[in-house]
Amino acid sequence: MRRIQYRLLAIIIFIGVIGMIAPIMYTKSLALNQAKDSIIEKLRSHSKTFMVYANGSEKDTFQKMAEEYSIASKLRMTLIAADGTVIGESSMPMDQLSQMDNHIFRPEIIEAKDKNEGFSTRYSNTLRTEFIYFAKQVDQNQFGFKYVRVAQSLKSVENLASKYREFYYLIIAIIIFVIIVAWFVLKSWLTDPISELTKAANDISQGDLKRRVAIRTGVIEIDELADNMNKMTIALERGYTGIKRMEKVRSEFLGNVTHELKTPISSISGYIETLLEGAINDQTVNVGFLERSLENAHRLEELVTDLVEISRIETGELKMNFEYFNVFDILNNLIKDAKQRNANKKIKIDLDIPDKKLFIYGDKSRLDQVISNLLSNALRYTDEGYIKIKANRRDDEIIFSIIDTGIGITQKALKRVFERFYRTDKARDRQKRGTGLGLSIAKHIIEAHGSKIYVDTVEGKGSSFSFGVTTINPEV
């Protein structure tokens, strides 16, 4: 945490130093920019004044004219011929003029040649200081020189910059004050809350899922982080509770599977042992024992098949193969098979459909499995009356209903009827056979089709299981 504090402090100090250095670097530039326009205008005015002075001057040389006006104006005056030769320079003695460079290529002279006026700012090698130069082109036939150049040293601008430095010290004081205030504000708004969040995260990592962070800094990001950490802790707490609940469900599931597997295996083992002990020669029981062993073997096979099926569904390994097909043949075959297998029962089994063109979009084999499971479930719990498979069109769906006049389901059991191995009456369910997984498998398959199974039931009078499947073919 200290590293964050120190880094923030270093950043604040760095910004403060930049804030202190920048003004002094900017002062001269600011002063020059502010003064340049007024100085150029001043030099332009003096160039015009000099022309008036030159017309009336009694001086016999250009050098004397430049020196006299320079003394009066305190400006540097330079008179230049058309070829660039300096013929008058207030800052140089007359006998040294010949030593001066030709000025025809000076920036201000080049500009004046093209535009009548020109200016530049540069360092003078002659006087070893920086000047602002203003040059004006004139009529050489009238005045005897082609260009008049007026210059002012930038020392005056530097003096102006020194005045700005008075404000610089004030800026330094303000920046130092801001650094101190910013440090305490950041410490209060950022580093202290982050420290609290770190402690909370450490507590949560140690397993304290009831730990909450009470931070309100007014900084949106920090407050949102605290809120999100609290939400995360709540989610972890719920997730942990969910995991514990899933462990309980898993334990119950394993117990149910063990019990369901143990029952037929024990029965088969018992019958075989009895047969081996001599009952195999007893004509009155041997065939019956073998038939019961086979029956339990079939039950064991169904149970293992259903377990594999629901495992594949819940792990996502079971993929649906959707197609557009007519479900009539499936319904018709299921009804025929049910009638044949239950011919001795006092049950009327019917198919109620609007017509034979019942096209739907779904997994053909899985929907066959669902309807078969629901029909078998109805047959298992209906001793007399009727069982009906009904199909109705509604909007873009066909609604399938498996209706029976069986024993029905209690309201208490209705909430858990789709749970794996849930039994309302274990003794009766074992008598009625079944694996206890059929409804759970049917529920998962229908949900994979984007629908739900609905149950209407009256205890002692019967039940109706319904679900819808779309009639729209998305592949068209």
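Do the sum for the chain: with -39,500 (n - 2.57) for every DSSP H run of n ≥ 4, divided by all residues, what is the mean residue ellipticity at 222 nm, to the nearest 500 deg cm²/dmol?
Values: 13 runs with 264 residues, N = 476.
Theoretical 222 nm ellipticity from helices: -19000 deg cm²/dmol.
Using a simple spin-label model with points 7 Å from Cα along the Cα→Cβ vector, what separation in nm is obtained for residue 223 and residue 123? Here the modelled spin labels are 5.8 nm apart.
In whole Å, what is the distance between the alpha-carbon centres of region 375-416 and region 441-476? About 10 Å separates the Cα centre of region 375-416 from the one of region 441-476.
Once you keep just the Cα pairs under 8 angstrom separated by 6 or more residues, what percentage relative contact order results for the chain? Display every interim value, and only then the final one.
Numbers: 619 pairs, mean separation 44.8, N = 476.
For the chain, the relative contact order is 9 percent.
What list do you get for 341, 44 if you sort them by fewest beta carbons within 10 Å? Fewest to most other Cβ atoms nearby, the residues stand as 341, 44.
For the peptides 95-102, 78-85, 327-334, 139-146, what is the packing order when you average, over each peptide's residues, the other Cβ atoms within 10 Å and list the highest mean first? Working shown, then result.
Working: 95-102: 11.6, 78-85: 19.0, 327-334: 17.0, 139-146: 14.6.
Ranking, from highest mean packing down: 78-85, 327-334, 139-146, 95-102.
Which pairs, out of 59/146; 339/390; 348/415; 336/364, put more than 26 Å between their alpha-carbon atoms? Check vs 26 Å cut-off fails for 348/415. Summarising the label geometry, the points placed 7 Å from Cα in the beta-carbon direction at residue 314 and residue 140 lie 10.8 nm from one another. Packing, taken as the mean count of other beta carbons within 10 Å per residue, orders the peptides 411-419, 445-453 from highest to lowest as 445-453, 411-419.
Neighbouring Cβ atoms within 10 Å as the yardstick, rank 284, 382, 61, 191 fewest first.
Working: 284 7, 382 22, 61 12, 191 19.
Sorted ascending by nearby Cβ count, the order is 284, 61, 191, 382.
Here is the P(r) of the chain: all C-alpha pair distances, binned every 10 Å from 0, give 3, 12, 13, 9, 8, 7, 6, 6, 6, 7, 7, 7, 5, 2, 1, 0, 0 in whole percents.
Taking 15 Å as the straight-line reach from the Cα of residue 36, the aspartates and glutamates in range (excluding those fewer than 8 positions away in the same chain) are 108, 130, 158.
When a/c reaches 1.5 or more, the comparison of a/b and b/c decides; with that in mind, is region 278-403 rounded, prolate or oblate per its Cα gyration tensor? Mind showing how you got there, number by number?
Numbers: a/c = 3.19, a/b = 1.57, b/c = 2.03.
Oblate shape, in that a/c is at least 1.5 and b/c is the bigger or equal ratio.
Taking a straight line from the alpha carbon of residue 443, these aspartates and glutamates sit under 19 Å away, with near neighbours fewer than eight places off in the same chain left out: 302, 306, 309, 314, 317, 363, 368, 397, 404, 419, 456. For region 112-146 versus region 277-299, the inter-centroid distance based on Cα atoms is 130 Å.
How high is the relative contact order of region 322-411? Use alpha-carbon pairs under 8 Å, at least six apart in sequence, and give a whole percent. Mind dumping the intermediate values first?
Values: 125 pairs, mean separation 27.8, N = 90.
This gives 31 percent for region 322-411.
FYI, it's all coordinate maths here, none of it is from the lab. Given the structure is predicted, the values throughout are model-derived calculations rather than measurements. Don't worry about glycine lacking a Cβ; one is built from the backbone with ideal geometry, like all the others, and counts go over all protein chains shown.
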